[in-house]
Amino acid sequence: MTTIQASNHPIYFNAEGYEALNEHLNSNKYSNIFIIVDSNTNEACLTKLLPVLETDLTIEIIEFENGEINKNIETCVEIWNVLTELSADRKSLVINLGGGVVTDLGGFVASTFKRGIDFINIPTTLLSMVDASVGGKNGVDLGNLKNQIGVFNLPVMVIVHTDFLESLPQNEMRSGLAEMLKHGLIFDKKYWEQFLNLKELDYADFDALIHRSVAIKNEIVTLDPTEKNIRKSLNFGHTLGHAIESYFLESTDKTTLLHGEAIAVGMILESYIAWKKSLLSQEEYLEIKVAIKAIFDTILFSSSDIDPILELLIHDKKNEYGSIQFALIDGIGNIKINQLVENELILDAFKDYQS
């Protein structure tokens, strides 16, 4: 697969990535290397990375407990303290090895330590490969509110190596698939149609599908690095999806949803809204609903769930001037941003989702 040139940094694939990484280590005078992992990637992924690193530099491993619940400023403070204790300086390099929680948090840690040090993202989940590690968004959650604290800052490079997917649980693979479906829905109808019958999908070509998904996101991000315009299209499914994800994260009587599971619900809900606003045909809406529900289980919402989910929309970082902003599909493969949606239509979308 060919290298993708993102905004001022390359995205490498598979073995080519390790070659580029070692070349970069040998041509830059770093003082030491810190690899940030969570408890999962420390066990499952670190042994794949360490043997391929060709460097005499000191390598320190910094681990934190896995899970979205640990993507917070307290974890950052702990890591900043460890970096300080281990004599990290402005010429240190951080390598983030993990899923979206690791690349989001690790990128934020590196971007703010001593006003910013170099970092490299090596995503190990499908979701982080096609979404979180690409685009320069780094940050943490504030309580149960997703990604409220953060910065735009680009890594030196991103390395997508699909060997890491071998140990990924099936539900995590589905979670990443949600973002790939989104890329087709907002940008490339033909790409979306490749997923309509997963049984006929040749998984030998899955690397090519990942590459296309990364290329779509990169093209959008390159046009709008700081999300002033077209990059908002990537928020399709996320306005309601993030609120649902946050609600299930904070509710003691709910099973926490993976990011992609919540976004799958959000895409169906927001497609319904697009249909009712005459942006989608009923046929297109039903195609989306049926295809996504064939992959993801239907989540049950009681009447008492909806109000707190709507309350969480108020805090969504995509809101401007007190208004809730949606990115809605304008026919499969196209998008309209900055769309206002009334609460009544959102309630109708929840009813239809569970029908």
(request) For the stretch 32-73 and the stretch 266-293, write down the distance between their C-alpha centroids in whole Å. (result) 40
(request) Restrict the search to the stretch 218-302; then list the chymotrypsin sites (Phe, Trp or Tyr not before Pro) that DSSP places in a loop and that have at most 15 other Cβ atoms within 10 Å of their Cβ. (result) none
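So, with a 1.4 angstrom probe, what is the percent of accessible area on the stretch 1-119 that is carbon and sulfur? Intermediate results must be reported in sequence, preceding the final value.
Values: 2510 of 5520 Å².
Ligands and nucleic acids excluded, carbon and sulfur give 46 percent.
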(message) Quick check of the Kirkwood formula: for the stretch 7-78, what is the inverse mean of 1/r over all pairs of different Cα atoms, in Å?
(response) 14.1
(request) For the stretch 73-210, just say rounded, prolate or oblate: build the C-alpha gyration tensor, square-root its eigenvalues into a ≥ b ≥ c, call rounded for a/c under 1.5, and beyond that prolate if a/b exceeds b/c, oblate if not. (result) prolate
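For every helix of n ≥ 4 consecutive DSSP H residues, a contribution of -39,500 (n - 2.57) applies; sum these over the chain, divide by its total residues, and give [θ] at 222 nm rounded to the nearest 500 deg cm²/dmol.
Result for the chain: -13500 deg cm²/dmol, rounded to the nearest 500.
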(message) What is the percent carbon and sulfur in the accessible area of the stretch 166-273, measuring with a 1.4 Å probe over the protein chains and ignoring ligands?
(response) 48
(message) List residues of the stretch 100-115, by number, whose backbone nitrogen lies under 11 Å from a label position 7 Å along Cα→C-beta of Thr84.
(response) 114
(request) Based on the mean of other Cβ atoms within 10 Å per residue, sort peptides 258-270, 331-343, 168-180 so the most packed one is first. (result) 258-270, 168-180, 331-343
(message) Against the empirical 2.2 N^0.38 Å scaling, what ratio does the C-alpha Rg of the stretch 164-291 come to?
(response) 1.09
(message) Could you tell me what a quarter of the Cα convex hull surface of the stretch 88-150 works out to, in nm² with one decimal place?
(response) 4.2
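Once you have the Cα-Cα distance between Asp202 and Glu54, take 0.36 nm times their residue separation minus that, and quote the gain in nm to one decimal.
49.8 nm
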(request) Quickly work out the Asn229-to-Ser303 label distance, labels modelled 7 Å from Cα along the C-beta direction, and quote it in nm with one decimal. (result) 4.6
(request) Might you tell me the accessible area per residue for the chain, computed with a 1.4 Å probe and given in Å²? (result) 43
(message) Starting from a Cα-only point model with no solvent, please compute log10 I(q)/I(0) by Debye for the chain at q = 0.06, 0.07, 0.08 1/Å.
(response) -0.21, -0.29, -0.37
(message) When a/c reaches 1.5 or more, the comparison of a/b and b/c decides; with that in mind, is the stretch 233-355 rounded, prolate or oblate per its Cα gyration tensor?
(response) oblate
(message) So if each residue of separation counts as 0.36 nm, and I subtract the Cα-Cα distance between Gln148 and Asn72, what length gain in nm does that give?
(response) 26.4 nm
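The values are calculated or read from the model by the stated rules, or taken from the named source; none is laboratory data. This one's a predicted model, so the numbers in the text were calculated from it and none came from an experiment. Using ideal geometry, Cβ is built from the backbone for each residue, glycine included, and neighbour counts are taken over all protein chains shown. Calculation scope for accessible area: heavy atoms of the full protein, side chains included, ligands and nucleic acids excluded. Shrake-Rupley method; radii C 1.70, N 1.55, O 1.52, S 1.80 Å.
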